[in-house]
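Novice: The structure that follows is given in the form of structure tokens.
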Amino acid sequence: MFKKKECVAMLLAGGQGSRLYALTEKTAKPAVSFGGKYRIIDFPLSNCINSGVDTVGVLTQYQPLVLNDYIGNGLPWDLDRAVGGVKILPPYQGKKGADWYKGTANAIYQNLQFIDMYSPDYVIILSGDHIYKMDYNKMLKAHKKMNADCTIAVIDVPIEEASRFGIMSVDENDRIFKFAEKPKNPDSTKASMGIYIFSKECLFKYLIADAADPNSSNDFGKNIIPAMLANGEKMYAYSFNDYWKDVGTIDSLWEANMDLLGEEPALNLNDEAWRIYSRHTAHSPQYVGADASIVNSSITEGCDIYGTVRNSVLGSGVVVMPGAEVIDSVIMADCVIGEGACVSYAILDSDVKVGNGCTVGKSREKAKGIAVVGTGISIPDGTTVEDGAMIYDSSDLVKEA
Amino acid sequence: MSVAGLIFSNIHNSAIPELTSVRTMASVPYGCRYRLVDFPLSNMVNSGITKIGIITHNNYQSLMDHIGTGKDWDLARRSGGIRILPPFIAAYSNASAAKLYSTRLEALMGVTNFISKCTEEYIVLSDCDGICNIDLTKVIDDHIKKNADVTIVTRTVKSAKEVSPEGATEVKCDENGMATEVSAYLKHEGDAEISTNILVANRLFLLNAVNDASAHGYNHFYKDIIARRINRARINCYHYDGIYLQVTSLESYFDCSMKLLDPEVRHGLFTKDSPIYTKLRNSAPTVYSEDSKITNSYVADGCVIEGTVENSIIFRGVHVGKGTVIKNSILLQDTFIGHNASLNCVITDKNVVIRNNRILSGHESMPFFISKGAMV
């Protein structure tokens with residue numbers, strides 16, 4: 001069968017996402033819920049299929065069960081293909097022994113065979129921790145036009161935040177002449193988005209050389225990119241000017257959810273031209289009760305709302321009982337908020353049961369931080385969960401009370 | 001237990017001409033995100049039936065669009081899966097064979113090929129005007145236990161008002177549940193047990209009976225197949241007492257839709273264990289604005305609600321503008337309503353546009369219907 005693909009995507013989805021604490025206790029970061037009915041990985045996967053990239057290798061390592069189950073055969077993203085489609089690539093045992101993925105570059109290196117199956121001209125490296133809508137095909141066109149060896153997507157960030165990112169310095173043709181990983185004194189505001197397009201031969205050459213170097217930490221940002229720059233390869237920056245958010249922290253995940261609200265939302269998911277696909281569970285419509293009040297919120301199918309919901313994002317199958325209040329919060333699928341309970345400035349992972357009369361978090365103005373409750377936890381009636389608390393399991397609750 | 005399914009998509013089309021002028025009964029939108037065919041289809045899938053034929057008559061473009069490959073019902077299969085059975089009209093034969101079917105029996109005659117090629121032992125038949133979430137495995141088990149040739153699923157009606165004006169089939173049975181009399185329902189006083197038109201039949205029995213009817217020029221399913229065999233075949237009755245709504249007219253459609261606001265009906269139709277599947281649209285969640293006021297309503301995903309909504313059924317992709325008040329209405333997919341409009345007891349078909357400041361009202365007994373794509 002004819003197997004050649006022009007461009008193959010490799011999606012790094014093995015990260016633990018340790019700064020999401022309780023939310024990534026049992027799932028890999030890319031499988032964390034977002035925006036009611038999505039998971040973070042829906043964004044790169046939907047971007048791929050919308051950009052015409054129909055072959056995606058997903059590199060998994062940390063807690064892959066939920067992620068594997070979610071991706072399945074790739075049907076929700078039209079990535080269930082006879083040739084190509086989405087393939088899960090876990091670490092494996094080889095002839096010379098088994099190895100975990102030691103770094104981003106090493107993960108790709110261990111799967112060069114997979115890339116070779118499709119004889120691509122280009123490889124696009126993506127990560128599963130950003131929320132954005134991007135046409136990779138435009139970036140590929142720019143890469144081809146410049147006859148580049150590597151093109152790195154960059155976004156302008158405020159100078160005061162630049163030291164959190166990998167910063168590119170470019171000349172007037174957008175050719176990169178300097179790259180600094182998290183510089184103390186950044187001399188540019190062009191931050192790497194962690195999206196790279198490589199011409200295949202060049203990528204293979206550097207990955208093989210990197211793997212042979214015992215001192216390398218096998219990372220794209222730390223090793224591959226600097227090595228290519230040092231050798232004077234043709235590397236260009238591709239500027240992206242739309243919504244892009246790293247949701248690696250509790251605060252940024254909360255903010256990105258809130259970006260869906262408002263009259264002119266910063267991130268519009270109701271976009272016929274660039275659909276974000278997700279795996280559906282067959283939920284019935286949402287019911288809004290006679291005494292319910294819903295203001296400035298995003299609510300998903302399967303919800304039953306009898307109480308008050310304000311400035312919040314609710315996942316599918318959430319029940320808000322009479323007299324309950326949900327304010328400034330992100331509630332993931334199948335949570336139940338008991339009668340008279342108040343959830344304010346909080347993130348509840350899926351299947352959390354908040355008992356009657358509980359208080360979770362404090363009003364946003366007064367709170368120390370966002371209260372986070374991990375998946376499947378039942379909070380007994382009348383319990384108070386402090387603002388800024390991080391609840392991993394029910395034993396944390398006893399301490400709180 | 002091997003069972004195939006057959007769904008009649010057009011029977012009862014004439015009951016709601018407003019909604020079926022552009023589609024089949026099967027593809028009439030219902031309950032915010034479903035089409036009527038989703039109920040029989042999901043009931044079959046949830047009961048382990050994975051080979052299903054849908055018999056069509058006319059107007060079935062919307063149905064084909066809805067069903068697609070069948071993957072949303074997990075029916076995109078190598079073996080079995082879903083098959084649309086368009087009307088079979090012989091091009092070069094006599095006039096009678098070139099006619100579209102007009103009865104249930106004639107429809108079955110047109111699909112004897114499908115029935116004879118099935119290898120399954122049993123066939124479940126269903127119409128699309130009944131809305132229920134029935135566990136068909138129980139019906140099939142009962143059918144097998146009673147060693148029946150045909151099992152008719154029946155329900156109790158208390159008055160003639162609950163029955164389609166087209167009529168219904170009344171079934172009387174003995175203490176063992178075997179039918180003793182099958183006749184047209186005469187709209188008499190008191191309770192009556194009528195057929196839901198959900199049937200389980202032994203495939204070969206059905207095939208022989210249909211072929212026999214064809215040879216004799218019969219055309220009525222209950223009269224010519226069931227009633228004629230009432231004494232020599234084993235016709236079993238299975239009483240269903242779960243939630244069952246039947247769409248018999250536009251008023252009844254309005255009523256059946258509004259019943260979804262009753263928790264007993266809603267929870268009887270939509271359960272976690274046997275979900276109703278439908279074509280996915282990948283809509284974003286519904287967004288409620290700063291000024292939205294919504295109470296006692298059933299809402300799908302993909303909507304933008306900026307106004308006031310009360311006691312209404314809102315389908316996917318509906319937009320309700322600022323200052324607009326919607327009461328007791330059913331807004332089908334992608335209805336767009338501008339600012340400061342007022343709607344009461346209105347049904348808008350797909351893609352209707354209501355411009356700013358319009359005031360429209362019908363009455364519960366006569367909802368005001370606005371046809372597909374109209375602009376007001």
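We did not get these values from a lab; they are worked out from the coordinates using the rules stated. Fair warning: this is a prediction, and the values are worked out from it, not measured in the lab. Glycine also receives a Cβ, built like all others from the backbone with ideal geometry; neighbour counts cover every protein chain displayed.
Novice: How large is ³J(HN,Hα), in whole Hz, for each residue of the range A:191-206 in order, when computed from phi with the Karplus curve 6.51 cos²θ - 1.76 cosθ + 1.60 and θ = phi - 60°, using x for Gly and Pro?
Specialist: Once rounded to whole Hz, the list reads 9, 5, 8, x, 10, 10, 10, 10, 6, 4, 4, 5, 4, 4, 4, 6.
Novice: Separate question: Just tell me how shielded B:132-139 is by partners: mean number of partner chain Cβ atoms within 10 Å of each residue's Cβ, no decimals.
Specialist: Per residue, the number of nearby Cβ atoms from other chains is 0 on average.
Novice: OK, next. If you count, for each residue, the other Cβ atoms within 10 Å and average over each peptide, how do A:211-221, A:65-75 line up from highest to lowest?
Specialist: Ranked by mean Cβ neighbours within 10 Å, highest first: A:65-75, A:211-221.
Novice: With +1 assigned to the C-beta of every Lys and Arg and -1 to the C-beta of every Asp and Glu, and no other charges, what is the dipole magnitude of the range B:287-370 about the Cα centre in debye, to the nearest 20?
Specialist: 180 debye
Novice: Describe numerically, in nm with one decimal, the distance between label points set 7 Å from Cα along Cα→Cβ at A:K234 and at B:T69.
Specialist: Each label point lies 7 Å from its Cα, and together they span 3.9 nm.
Novice: For B:E264 and B:K138, what does the FRET efficiency come to when R0 = 25 Å and r is the distance between their Cβ atoms, rounded to the nearest 0.05?
Specialist: The calculated FRET efficiency here is 0.75.
Novice: Separate question: Determine the relative contact order of the range B:29-139: mean sequence separation of Cα pairs under 8 Å and six or more apart, normalised by residue count, in whole percent.
Specialist: 36 percent
Novice: Arrange the peptides A:326-337, A:373-384, A:170-181 so that the one whose residues have, on average, the most other Cβ atoms within 10 Å appears first.
Specialist: Sorting A:326-337, A:373-384, A:170-181 by mean packing, highest first, produces A:326-337, A:373-384, A:170-181.
Novice: Please return the longest range in chain B lying between exposed loop sites, taking GluC sites (Glu not before Pro), DSSP loop only, at most 10 other beta-carbon atoms within 10 Å, and leaving the sites out.
Specialist: Counting only loop sites that pass the neighbour cut-off, the longest clear stretch is B:190-376.
Novice: Something else: Which whole-number percent gives the relative contact order of chain A, counting Cα pairs below 8 Å spaced six or more residues apart?
Specialist: Once normalised by length, the contact order is 14 percent.
Novice: For the range A:108-201, what's the radius of gyration and Dmax over Cα atoms, in angstrom?
Specialist: In Å, with Rg to one decimal and Dmax whole: 14.4, 44.
Novice: Okay, next question. What per residue convex hull volume, in Å³, comes out for chain A when only alpha-carbon positions are used?
Specialist: Spread over its residues, the Cα hull of chain A gives 156 Å³ apiece.
Novice: So, one more: Would you tell me the mean number of C-beta atoms belonging to other protein chains that fall within 10 Å of each C-beta in B:32-45, as a whole number?
Specialist: For peptide B:32-45, the averaged partner shielding equals 1.
Novice: Under 5 Å between amide hydrogens, which residues at least 5 positions from B:G323 or on another chain qualify, with H placed 1.01 Å from N in the peptide plane?
Specialist: When sequence neighbours closer than 5 places are left aside, the close amide H contacts are B:T308, B:N340.
Novice: Return a single number: how many Lys pairs in the range B:3-249, at a sequence separation of 8 or more or on separate chains, have alpha-carbon atoms below 16 angstrom apart.
Specialist: Lysine pairs meeting both conditions in the range B:3-249 amount to 8.
Novice: Go through A:P44, A:L112, A:G221 and say which Cα lies farthest out towards the positive end of the charge dipole of chain A; charges sit on Cβ, +1 for Lys and Arg, -1 for Asp and Glu.
Specialist: A:L112
Novice: For the range B:3-249, what are the per-bin percents of Cα-Cα distances with bins 10 Å wide, up to the bin holding the maximum?
Specialist: Percent of pairs per bin, in order: 7, 32, 40, 19, 2, 0.
Novice: Using only the alpha carbons of the protein assembly as shown, determine the length spanned along each of the three principal axes and report them from longest to shortest in whole angstroms.
Specialist: Largest to smallest, the principal-axis extents are 92, 61, 53 Å.
Novice: Peptides B:313-321, B:111-119, A:128-136: what's the order by average Cβ count within 10 Å, highest mean first?
Specialist: My ranking of the peptides, most packed first, is B:313-321, A:128-136, B:111-119.
Novice: May I ask you to derive the relative contact order of chain B, considering only C-alpha pairs under 8 Å and at least 6 residues apart, and to give it as an integer percent?
Specialist: The value is 15 percent.
Novice: Still on this structure, I have one more. Counting only DSSP beta bridges with both residues in the protein assembly as shown, what percent are antiparallel, rounded to the nearest 5?
Specialist: 35 percent
Novice: While we're here: Let me know the mean shielding of B:273-283 by other chains, meaning the per-residue number of their Cβ atoms within 10 Å of its Cβ.
Specialist: That average works out to 4.
Novice: Same structure again: Taking amide hydrogens as modeled 1.01 Å from N in the peptide plane, which residues meet the under 5 Å criterion relative to B:G81, leaving out close sequence neighbours?
Specialist: For B:G81, the qualifying residues are B:K51, B:I52.
Novice: Note the per residue figure in Å³ for the convex hull of the C-alpha positions in the range B:287-370.
Specialist: Once divided by residue count, the hull of the range B:287-370 is 63 Å³.
Novice: For A:S127, list long-range residues whose amide hydrogen, built 1.01 Å from N in the peptide plane, is under 5 Å from its own amide hydrogen.
Specialist: It is A:L12, by chain and number.
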